[in-house]
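K.L.:
I have a structure I would like to understand better, so I am pasting it below and will then ask my questions one at a time.
The values are calculated or read from the model by the stated rules, or taken from the named source; none is laboratory data. Quick caveat: nothing in here was measured; it's all calculated off a predicted structure. With ideal geometry, Cβ positions are generated from the backbone for all residues, glycine too; neighbour counts draw on all protein chains shown.
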Amino acid sequence: MPRPAAPPGIPLTAPLDALARALTPGALSVDGAARRAASTDRSGAVPRGLPRAVVRAGTADDVAATLAWATAHRVPVVPRGAGTGLAGGATAGEGSVVLDLSGLDAILDLRPGDGLAVVQPGVITADLDRAARAHGLCYAPDPASVEISTIGGNIATNAGGLRCVKYGVTRDAVLGLDVVLADGTRLRTGRETVKGVSGYDLTSLITGSEGTLAVIVAATVRLLPVPAATGTAAAFFGSVRDAAAACAAVLDAGLRPSTLELLDGATLAAVDAAHGTGHRARGEAFVLARADGFAAGAEIAEVERVLARTATHTEVTGDPAEAERLVAARRLALPAVERLGPVLIEDIAVPRSRLAEAAGAIAALSARTGVPVFTLAHAGDGNLHPLVVDGPGAGDVVAEIFRLALDLGGTVSGEHGVGLLKRPWLAAEHGAAALAVQRRIKDALDPAGILNPGKAL
């Protein structure tokens, strides 16, 4: 299925030599291979043409100089981290300049006593977590791309992850931001305190704005103590609907595991084929649950008890090696499915009480259309990721999935962002009045319209 193309850039004649003089020597590249590599992300969205240049920012001053130049000459700028986005937010077409922030990758400060770190946007998420763990702390947001995605990209999309059900999404971990506005102005938002309500919450506004309001050059993020203990449970079910209903029952019982994940049978089969495991033979769906904290053992035992009411098999472990074996099935799911060919990696969320209805409807849709759909979910917060095999009918199936999400009172994007690919669905979800307010905010912060145009809004 052809992907929508990114909008073309505006001018082709702005003076790049003036930009080059304002940057760190060597930061500006017009090399064809570099421009091609910086034009796409993991979404598969295809831009029209290539960006005119790539700026590999080495300092925050490089970012400010690039944006000031771009506003003066009305040149579109596409901020970019690791390029792991799944909604086309980092695609860059003809006439644009890519602002590559991956080189801003320093952990500037780590303060255990205050439970915070100050990091540049190019820091890999897992690297921050490892640095924090050396001090008995951790960075709670845990997207599946944790080993390859950057903090800046996570903030730009308000990324979620496996531990969202207990610890929240990226926005819940961000205390403050250092950003550069479209005209090159430096701005600090937020605070270094746990509490603070003075002024409008600009930090939350910029978090999730996908590079359309400002460019992040540093972030102050919250760190939490490493849990004293962790318990892990796994359960297999006769259907994906049963598995989803069991996850809802766990939450209805007043339990709050740190992780509550679901994989359908098709996904289990893909993991088995890729890694020689035998998960699919044990059921049509798999649920992974983890509890952490001083009472982890008691809590995971209660989670297992609830799951066992309808499961065909359950197991519980406190052994780290065995737990990692169970967690591996979830982390390996997406790459295992991608081995089968191009997939459209979708991302919807529904009220948790309707998770079973959504999972069952997606399974029925796949059976009715013959289009293979592999479903995995952050079941604890109602966030489903249907992986639709690209081919005849795939686009229609994706549209049906989006309509399903909205009909169930949900959203077309739980954590991947809107980017380029989901913009056509914004009006149906938000309505004209809300979109008009968002456009006024965009116009106020980026009056020349140079920041990631055609994305998110």
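K.L.:
Taking the conditions exactly as written (of a type in the set (Gly, Ala, Ser), in contact (Cβ under 8 Å) with a residue 24 or more places away in the chain, within 30 Å of Thr84 (Cβ to Cβ) and in a helix (DSSP H, G or I)), does Ala321 satisfy them or not?
P.N.:
On the way: of a type in the set (Gly, Ala, Ser): yes; in contact (Cβ under 8 Å) with a residue 24 or more places away in the chain: no; within 30 Å of Thr84 (Cβ to Cβ): yes; in a helix (DSSP H, G or I): yes.
Answer is no for this residue.
K.L.:
Look at Ala358 and say whether it is buried (at least 19 other Cβ atoms within 10 Å of the Cβ), of a type outside the set (D, E, K, R), outside the structural domain of Lys166 (by TED's automatic domain parsing) and touching a residue at least 12 places away in the same chain (Cβ under 8 Å). Give the derivation first.
P.N.:
Details: buried (at least 19 other Cβ atoms within 10 Å of the Cβ): yes; of a type outside the set (D, E, K, R): yes; outside the structural domain of Lys166 (by TED's automatic domain parsing): yes; touching a residue at least 12 places away in the same chain (Cβ under 8 Å): yes.
Answer is yes for this residue.
K.L.:
Can you pull out the residues in region 161-215 that are in contact with a strand residue (DSSP E or B) (Cβ under 7 Å, 6 or more places away or on another chain) and basic (Lys, Arg)?
P.N.:
Arg163, Arg186, Arg188, Arg191
K.L.:
Now, a different point. Of all residues in region 368-405, which are free of Cβ contacts under 8 Å to residues at least 40 places away in the same chain and in contact with a strand residue (DSSP E or B) (Cβ under 9 Å, 6 or more places away or on another chain)?
P.N.:
Within region 368-405, Val371, Gly382, Leu384, Val397 qualify.
K.L.:
Consider Leu376 carefully, then state whether it is crowded, with 19+ Cβ neighbours inside 10 Å and under 28 Å from Ala70 (Cβ atoms). Outline the logic, then answer.
P.N.:
Details: crowded, with 19+ Cβ neighbours inside 10 Å: yes; under 28 Å from Ala70 (Cβ atoms): no.
Answer is no for this residue.
K.L.:
Any residue in region 273-292 that's aromatic (Phe, Trp, Tyr): show its pairings with residues that are crowded, with 16+ Cβ neighbours inside 10 Å and assigned to a strand (DSSP E or B) at Cβ separation under 9 Å, as long as the two are six or more apart or on different chains.
P.N.:
Listed pairs, sorted by first residue: Phe286/Ala234; Phe286/Ala235; Phe286/Phe236; Phe286/Phe237; Phe286/Glu261; Phe286/Leu262; Phe286/Leu263; Phe286/Asp264.
K.L.:
Moving on to the next point. Sort through Ile148, Ile124, Ile216 and tell me the only one that's touching an Asp or Glu at 6+ places or on another chain (Cβ under 8 Å) and farther than 30 Å from Ala72 by Cβ. Give the steps one after another, and end with the answer.
P.N.:
Values: Ile148 fails: touching an Asp or Glu at 6+ places or on another chain (Cβ under 8 Å); Ile216 fails: farther than 30 Å from Ala72 by Cβ.
Matching residue, one of Ile148, Ile124, Ile216: Ile124.
K.L.:
So which residues in region 327-344 are surrounded by fewer than 18 Cβ atoms within 10 Å (Cβ to Cβ) and either acidic (Asp, Glu) or part of a strand (DSSP E or B) (or both), if there are any at all?
P.N.:
Hit for region 327-344 is Glu338, nothing else.
K.L.:
Here is a list: Ala87, Ala144. Which entry is modelled with pLDDT under 95, under 22 Å from Asn452 (Cα atoms) and either within 15 Å of the chain's Cα centre (by Cα) or among the aromatic types (Phe, Trp, Tyr) (or both)? Walk me through how you get there before you give the answer.
P.N.:
Details: Ala144 fails: under 22 Å from Asn452 (Cα atoms).
None of the others qualify; the one that does is Ala87.
K.L.:
Something else: In region 230-240, is there at least one residue being in the same structural domain as Leu376 (by TED's automatic domain parsing), surrounded by fewer than 18 Cβ atoms within 10 Å (Cβ to Cβ) and not in a strand (DSSP E or B)?
P.N.:
Within region 230-240 (the criterion being in the same structural domain as Leu376 (by TED's automatic domain parsing), surrounded by fewer than 18 Cβ atoms within 10 Å (Cβ to Cβ) and not in a strand (DSSP E or B)), the answer is yes, since at least one residue qualifies.
K.L.:
I'd like to check which strands (runs of 3 or more DSSP E) are fully inside region 81-197 and have at least 2 residues that are free of Cβ contacts under 8 Å to residues at least 40 places away in the same chain. Please lay out each step first, then the result.
P.N.:
Values: elements: 97-100, 107-111, 116-119, 174-180, 186-190.
Those strands (runs of 3 or more DSSP E) span 107-111, 186-190.
K.L.:
Any chance region 65-76 includes a residue that's in contact (Cβ under 8 Å) with a residue 40 or more places away in the chain, aliphatic (A, V, I, L, M) and either assigned by TED's automatic domain parsing to the domain that holds Val174 or outside any helix (DSSP H, G or I) (or both)? Before the answer, list the steps.
P.N.:
Filtering region 65-76 down to residues in contact (Cβ under 8 Å) with a residue 40 or more places away in the chain leaves 65-71, 73-76.
With aliphatic (A, V, I, L, M) added as a condition, the list becomes 65, 67-68, 70, 75.
Cutting the leftovers down to either assigned by TED's automatic domain parsing to the domain that holds Val174 or outside any helix (DSSP H, G or I) (or both) gives us 75.
Yes, region 65-76 contains a residue that is in contact (Cβ under 8 Å) with a residue 40 or more places away in the chain, aliphatic (A, V, I, L, M) and either assigned by TED's automatic domain parsing to the domain that holds Val174 or outside any helix (DSSP H, G or I) (or both).
K.L.:
Same structure, new question: Only one of Ala70, Ala65 is surrounded by 22 or more Cβ atoms within 10 Å (Cβ to Cβ) and farther than 21 Å from Thr91 by Cβ; which?
P.N.:
Working: Ala70 fails: farther than 21 Å from Thr91 by Cβ.
That would be Ala65, the only listed residue that is surrounded by 22 or more Cβ atoms within 10 Å (Cβ to Cβ) and farther than 21 Å from Thr91 by Cβ.
This table checks each residue for (1) farther than 24 Å from His416 by Cβ; (2) surrounded by fewer than 16 Cβ atoms within 10 Å (Cβ to Cβ); (3) polar (S, T, N, Q).
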| position | (1), (2), (3) |
| --- | --- |
| Val174 | no, no, no |
| Asp178 | yes, no, no |
| Asp183 | yes, no, no |
| Arg188 | yes, yes, no |
| Gly196 | yes, yes, no |
| Asp201 | no, yes, no |
| Thr207 | no, no, yes |
| Ala214 | no, no, no |
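K.L.:
Would you confirm whether any residue within region 58-69 is modelled with pLDDT under 95 and acidic (Asp, Glu)? Give the derivation first.
P.N.:
Quick first cut of region 58-69, residues modelled with pLDDT under 95 only: none.
Scanning region 58-69, I find no residue that is modelled with pLDDT under 95 and acidic (Asp, Glu), so the answer is no.
K.L.:
Moving on. For region 411-447, give me the residue count where each residue is touching an Asp or Glu at 6+ places or on another chain (Cβ under 9 Å), part of a loop (DSSP other than H, G, I, E, B) and buried (at least 18 other Cβ atoms within 10 Å of the Cβ).
P.N.:
The number of residues fulfilling the criteria is 10.
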